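Visitor: Let me begin by handing over the structure; questions about it come next.
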Amino acid sequence: MRFKIGITGSTGVIGSELKKKIKDNISLFKGDITKKKEVDLWVSKNKFKSIYHLAAVVPIKEFNKSKKKSLKVNFLGTKHLVDAIIKYQSKKIWFFYTSTSHVYKLYKKNYKIKETDTCKPQNLYGESKRLAEKYIIKEFSKFNYNYTIARIFSLAHKYQRSSYFVPAMINKLLKSNKNSIKIQNVNHCRDFLNSKDTINAILMLVRKKKAGIFNIGSGKKVSLPSIIYYLNTFFKKGIKIKHNDRATFLIANNTKLRRIGWRPKYSFFSELTEILKYKTSKQ
């Protein structure tokens with residue numbers, strides 16, 4: 001039996017792009033990650049050389065619609081998978097887990113967050129991912145299994161659902177018939193990375209077998225208003241942005257990732273252009 005590459009969450013943005021890159025000898029988990037029997041069956045009937053665990057409920061708006069169910073997917077689903085790997089797979093398997101920048105606290109200044117900084121999840125979504133991280137670290141360290149945890153900062157993609165920031169703003173601009181659009185509470189800076197660079201970082205971490213925790217981000221701040229104004233160059237509508245709260249920052253220190261040879265190659269704003277063309281072509 002050939003060793004396979006397993007992927008959970010293969011219908012999501014990152015999972016879909018990984019499938020295109022990897023192509024051969026993939027086994028996709030198509031069951032319910034919260035059902036232990038379904039996870040056990042998938043893991044026990046395959047011999048894996050690596051598993052990319054991407055299945056999760058994101059973003060925050062989606063998570064909050066059903067917090068109990070979302071917590072089951074993000075934590076319990078991960079627990080089932082980790083337990084099944086230890087039970088059925090050899091220690092040579094490489095486990096890759098997509099976590100999030102939401103495990104960190106928000107900063108009031110432009111500080112680049114290191115992997116060693118204290119985790120203080122901003123919300124229940126971040127808490128669910130942090131709980132999963134802790135379980136992975138505890139169990140795999142106990143049994144000497146290899147793992148990589150990637151804390152992914154912000155990204156945008158043409159297939160993202162409308163509950164994400166960029167598609168939500170595009171929809172707002174597309175659907176508004178008003179000459180002047182009011183937008184509130186966007187006085188924040190985030191670390192947006194082109195999705196192609198995110199995928200390349202993930203593949204490099206597994207290919208080079210880099211264990212531990214890694215931030216995946218550009219290391220640069222992008223203000224949310226700058227994204228809105230850029231999007232509006234295509235719509236040319238009146239924009240009024242009102243700031244009701246203090247600016248917050250969530251920016252990656254990506255030094256650890258750069259040390260393994262990764263460098264960003266693509267512009268985030270060029271991806272915004274691609275997304276705009278895709279979204280407007282659907283109208």
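Visitor: Need one number: the % of Cα-Cα pairs in the stretch 129-178 sitting beyond the 18 Å mark. All intermediate terms of the calculation are to be shown ahead of the outcome.
Guide: Values: 679 of 1225 pairs.
Percentage above 18 Å: 55.
Visitor: How much accessible surface area, in Å² rounded to 10, belongs to the heavy atoms of Leu41 with a 1.4 Å probe?
Guide: The accessible area comes out at roughly 110 Å².
Visitor: Right, next: Based only on Cα atoms, what Rg/Rh ratio does the stretch 41-176 have, Rh being taken as Kirkwood's radius?
Guide: Numbers: Rg = 16.8 Å, Rh = 16.5 Å.
Rounded to two decimals, Rg over Rh is 1.02.
Visitor: Sequence neighbours fewer than 8 away in the same chain don't count; with that in mind, list the aspartates and glutamates whose C-alpha is under 20 Å from Lys256.
Guide: Glu115, Asp117, Glu133, Asp191, Asp197
Visitor: Could you work out what % of the accessible surface of the chain is carbon and sulfur, using a 1.4 angstrom probe and leaving DNA, RNA and ligands out of the count?
Guide: 51 percent
Visitor: In angstroms, what radius of gyration and Dmax does the stretch 129-283 have, counting Cα atoms only?
Guide: That works out to 18.3, 61 Å for Rg and Dmax.
Visitor: Additional query: What whole number of Å gives the distance from the Cα centroid of the stretch 212-228 to the Cα centroid of the stretch 152-172?
Guide: Using only Cα atoms, the two centres lie 14 Å from each other.
Visitor: So, one more: Just to be sure I understand: of the beta bridges DSSP finds with both ends in the chain, what percent are antiparallel, rounded to 5? Write out the running numbers ahead of the final one.
Guide: Details: 4 of 39 bridges.
Counting only bridges with both partners in the chain, antiparallel ones make up about 10 percent.
Visitor: Still on this structure: Ordering Phe143, Phe235 by how much accessible area each has at a 1.4 Å probe, largest first, what is the list?
Guide: The residues order as Phe143, Phe235, largest area first.
Visitor: Right, something else. Select from His243, Val206, Ile136 the residue farthest towards the positive end of the dipole of the stretch 117-259; place +1 on Cβ of Lys and Arg, -1 on Cβ of Asp and Glu, and compute about the Cα centre.
Guide: About the Cα centre, the residue reaching furthest to the positive side is His243.
Visitor: For the stretch 222-283, what size does the Cα cloud have along each of its three principal axes, sorted from largest down, in whole Å?
Guide: 44, 35, 15
Visitor: Only one of the values [x] 19.4, 62; [y] 18.9, 59; [z] 20.0, 79 was calculated from this structure for Rg and Dmax of the Cα atoms in Å; name its label.
Guide: This structure yields the entry labelled [x].
Visitor: What accessible area per residue, rounded to a whole number of Å², is obtained for the chain using a probe radius of 1.4 Å?
Guide: Value for the chain: 50 Å² per residue.
The values are calculated or read from the model by the stated rules, or taken from the named source; none is laboratory data. Keep in mind it's a predicted model, so treat the numbers as computed, not measured. Neighbour counts are summed over all protein chains in view; Cβ atoms, including those assigned to glycine, are modelled from backbone coordinates with ideal geometry. With ligands, DNA and RNA removed, areas are computed over all heavy atoms of the protein, side chains included. Shrake-Rupley method; radii C 1.70, N 1.55, O 1.52, S 1.80 Å.
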